[in-house]
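The structure under discussion appears below in the form of structure tokens.
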Amino acid sequence: MSAGWHVDAALAARYADGSASEPDAWSLEKHVERCGRCAALVSAAVRGSTAGPALAEVRGALLALATPEAAPAAGRVTAVGSVSAPGRVTAPGAVSTAHAPVPVPTGGPAGPGRARASRVGRLAWAAGPALRGAWIVAVLLVVAGALALAYGGGVDGVRPLLLALAPVVPLAGVAVSYGRHADPLHEIAAATPSGGLRLLLTRTAAVLAVCVPLLTAAGAVLPAEAGAPGAAVWLLPGLALTLAALALGSYVGCRTAAAAVAVAWLTVVAGPALGEAFPFPSDAAAGGAPAWYLSGSAAQGGWAAAAAVCAGLLALRRRSFDHLERW
């Protein structure tokens, strides 16, 4: 959570009427434990909501029963709905504002080294498990294997084969980047203000930042073949498939969605490509099986339109990522 993050009036109102998303509500409740200003804002919003009369009754009952001996010490952070100081009751999730919150020890003096370590830690967390696990090794092996086949084994038609596989490589990274099956800290991450779709898109961007330069550079240095697609023609199909997996993931979870989209692509494109006589025929007119799906303005325009549609659906379904996965 950012040190400068505070609850605004809109979030306090959504929390009071119960319409705030789970990550927003959890973040708010954690934040008001240490921020008296936000606690007062949330308390006022809750008192002004439909729950206000019930809270007033509870407050009156507690004040009628309370005695000076039973009242907690002033300034003590209290539980939900309990007395925080003589004559005051906190709202659900709030703390007393009669005294300033107690500073929390930071564990040591701040300094440039510690700041850099904090930034590195945040970047590693945002990048996700894909860039810290076996997936990135698998990407490097795909690139190395393509170069070895082309230059070490003298195999023709390696570029079409690489282009047939490239669009599904990011899907594997997305599948292992987000969700309770992939990330042991998923519940904690989803409860932060930057969780949900924002975190998913951040980790997807990190996956693409690795895939795009590696696979495109590998395709560019492979031996050129007459009629074969260019090294960058896979980018729009790869983006469309990635967005399709994210949109479908809002319904069935990222892991299942990525697997479904990858299987569909491999069945339609990579399967026929591999079904041809290997190595790929170097016939100039053919260019390998992926050429029909990737090359030409019609194909590229279709992939661009598909990416736009999937992006629109993802925007409409963005709130679904505010809840923990159930798959």
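Each reported figure results from applying straightforward, stated rules to the coordinates on display, with no laboratory input. All figures in this text were calculated on a predicted structure; none of them were measured in a lab. Note that we place each Cβ from the backbone using ideal geometry, even for glycine, and neighbour counts take in every protein chain shown.
Stretch A311-A260 to full length: gain in nm at 0.36 nm per residue minus the Cα-Cα span?
Extending this stretch completely gives an extra 16.6 nm.
Once phi is turned into θ = phi - 60°, what whole-Hz ³J(HN,Hα) does the Karplus curve with 6.51, -1.76 and 1.60 give for every residue of the stretch 201-211, x standing for Gly and Pro?
5, 4, 6, 5, 4, 5, 5, 5, 5, 8, 5
So what is the diffusion coefficient of the stretch 142-227 in µm² per second by Stokes-Einstein at 4 °C and 1.567 mPa s, using a Kirkwood Rh over Cα pairs?
Calculated translational D: 88 µm²/s.
Report the extension gain between A304 and S19 in nm, rounded to one decimal, defined as 0.36 nm multiplied by the number of residues separating them, less their alpha carbon distance.
Full extension of this stretch gives 99.1 nm more.
Each residue of the stretch 35-44 in turn: what ³J(HN,Hα) in whole Hz from Karplus with 6.51, -1.76, 1.60 and θ = phi - 60°, glycine and Pro shown as x?
10, x, 4, 5, 4, 5, 5, 5, 4, 5
Could you list which residues have their amide H under 5 Å from that of H6, counting only those 5 or more apart in sequence or on another chain, with H placed in the peptide plane?
HN-HN under 5 Å from H6: empty list.
In nm, what is the difference between 0.36 nm times the number of residues separating L147 and E33 and their Cα-Cα distance?
Extra length from L147 to E33 when fully extended: 35.4 nm.
Residue-wise, which Karplus ³J(HN,Hα) couplings in Hz belong to the stretch 253-263, taking 6.51 cos²θ - 1.76 cosθ + 1.60, θ = phi - 60°, and x for glycine or proline?
Each residue of the stretch 253-263 in turn: x, 5, 5, 5, 5, 4, 5, 5, 5, 5, 5 Hz.
So if I place +1 on the C-beta of Lys and Arg and -1 on the C-beta of Asp and Glu, and nothing else carries charge, what would the dipole magnitude of the stretch 1-67 be about its Cα centre? I want it in debye, nearest 20.
Computed charge dipole of the stretch 1-67: roughly 220 debye.
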